[in-house]
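Trainee: Can you read through this structure? Questions will come right after.
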Amino acid sequence: MVKIGIMGAAGKMGRTLVQVINQDPECCLAGALESSSCPLLGQDAGTVAGIQPQGIFLSSDPESLGPCDVFIDFTTPEALPSHVEIATRQGKAFVVGTTGLQQAHFDLLEKASKTIAVLWAPNFSVGVNLIAKLVQIAANVLSAGFDVEIIEAHHRLKKDAPSGTAIKLLEVLKEAYRTSDVVYGRQGITGERPAHQIGVHAIRGGDIVGDHTVSFCGIGERIEITHRASSRETFARGAIRAAKYLAGKSPGRYTIEEVLGL
Ligand SMILES: NC(=O)c1ccc[n+]([C@@H]2O[C@H](COP(=O)([O-])OP(=O)(O)OC[C@H]3O[C@@H](n4cnc5c(N)ncnc54)[C@H](OP(=O)(O)O)[C@@H]3O)[C@@H](O)[C@H]2O)c1
């Protein structure tokens, strides 16, 4: 039984994680961290997630995470340094889904991986990680002659753009197209589209969970590879799979691809 502590347990992903852990006989909820300004502190994490009480209460005290084997963090870039410090100090494996991270955050994760097992992924869904592979195959064939654009769509509350997943797809495309020419949206008299430019576009609205399309546009034909997430459960299931994989592992960096066997 893997004991999981959630950082950001009252957030959208945090609540979904609580729900999914409750259905999984191989793991249990053992800690629920929230920010000190969270109005729900002290409430049962299960009740907050809309399921039966779990006997685990939302707390801003990192010591409440003591009984856990693994932490899963879906919070904010600002909270990450303190969460890395907590995971390292307590010697716990650390799964991170927070996006909008900068190089300094990745450096912290790298440093932490010298003493604990660490896995960061911008997207934990099986489908998205599969389409990243499909995009790589397509880009290697189509980079000569096909213009490529990424379009992503998310709910109105999302704080970062482009999405972490779009950035991951962009890295795949930059390598295949051997270019660093990226344009984020277009406006005005933009002139002809340069070959080997990659366009990235972010749509924000309503409750869209997360859509990503990579469009390869040639002369006379267009190939589109699309993934649409209709529920946060897919991210939660992937993150919990990663947590179970990381429990008891040696210090180091691990990838979602190896967890999913891709
Ligand atoms: N990798 C993936 O597959 C994936 C999938 C979905 C989302 N995400 C990313 O995951 C992150 C969270 O997304 P979300 O939709 O769940 O956002 P959200 O609903 O805003 O939840 C974030 C939660 O973290 C809490 N928090 C902030 N600072 C904290 C701290 N210092 N300690 C403990 N908790 C803290 C927030 O509390 P307050 O509101 O009180 O500040 C909030 O409850 C975002 O970066 C998002 O892009 C990744």
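Where a number appears in this text, it was derived from the coordinates with a stated rule and is not lab data. On a predicted model such as this, the values are computed, not experimentally measured, just so you know. Glycine also receives a Cβ, built like all others from the backbone with ideal geometry; neighbour counts cover every protein chain displayed.
Trainee: Quick one: count up the residues across the stretch 103-143 that are over 14 Å from the mean Cα position of the chain (by Cα) and among the polar types (S, T, N, Q).
Mentor: Qualifying residue count, the stretch 103-143: 6.
Trainee: State whether the residues of the stretch 203-225 include one that is under 28 Å from ALA49 (Cα atoms) and surrounded by 20 or more Cβ atoms within 10 Å (Cβ to Cβ).
Mentor: Yes, the conditions are met somewhere in the stretch 203-225.
Trainee: Look through the stretch 84-102, keep the residues that are in a loop (DSSP other than H, G, I, E, B) and more than 27 Å from HIS227 (Cα to Cα), and return whichever of them is farthest from the chain's Cα centre (by Cα).
Mentor: It comes out as GLY91.
Trainee: Moving to a separate point now. Among the numbered criteria (1) among the acidic types (Asp, Glu); (2) closer than 17 Å to GLY100 by Cα; (3) in a helix (DSSP H, G or I), which one does GLU175 miss?
Mentor: (2)
Trainee: Of everything in the stretch 126-147 that's among the aliphatic types (A, V, I, L, M) and under 24 Å from SER230 (Cβ atoms), which residue is farthest from the ligand (Cβ to nearest atom)?
Mentor: Only one residue tops the list, namely ALA138.
Trainee: Which residue pairs have Cβ atoms under 8 Å apart, sit 6 or more places apart or on different chains, and have a first residue in the stretch 52-67 that is in contact (Cβ under 8 Å) with a residue 24 or more places away in the chain and a second that is in a loop (DSSP other than H, G, I, E, B) and polar (S, T, N, Q)?
Mentor: These pairs meet every condition: PHE57/GLN43; LEU58/GLN43; SER60/SER35; SER60/SER36.
Each row is one residue, and each column tells you yes or no for (1) of a type outside the set (Gly, Ala, Ser); (2) assigned to a loop (DSSP other than H, G, I, E, B).
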| residue | (1), (2) |
| --- | --- |
| ALA9 | no, yes |
| ALA30 | no, no |
| GLY42 | no, yes |
| GLN52 | yes, yes |
| CYS68 | yes, yes |
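Trainee: Okay, moving on. Just to be sure, is PRO81 touching a residue at least 40 places away in the same chain (Cβ under 8 Å) and not in a strand (DSSP E or B)?
Mentor: For PRO81, the condition - touching a residue at least 40 places away in the same chain (Cβ under 8 Å) and not in a strand (DSSP E or B) - is not met.
Trainee: Here are the criteria: (1) surrounded by fewer than 19 Cβ atoms within 10 Å (Cβ to Cβ); (2) within 11 Å of the ligand (Cβ to nearest atom). Tell me which single one PRO53 does not satisfy.
Mentor: (2)
This table checks each residue for (1) buried (at least 21 other Cβ atoms within 10 Å of the Cβ); (2) of a type outside the set (Ser, Thr, Tyr); (3) away from the ligand (no atom under 15 Å from the Cβ).
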site: PHE94; (1), (2), (3): yes, yes, no
site: GLY100; (1), (2), (3): no, yes, no
site: PHE106; (1), (2), (3): no, yes, no
site: SER113; (1), (2), (3): no, no, yes
site: PHE124; (1), (2), (3): yes, yes, no
site: GLU149; (1), (2), (3): no, yes, yes
site: HIS155; (1), (2), (3): no, yes, no
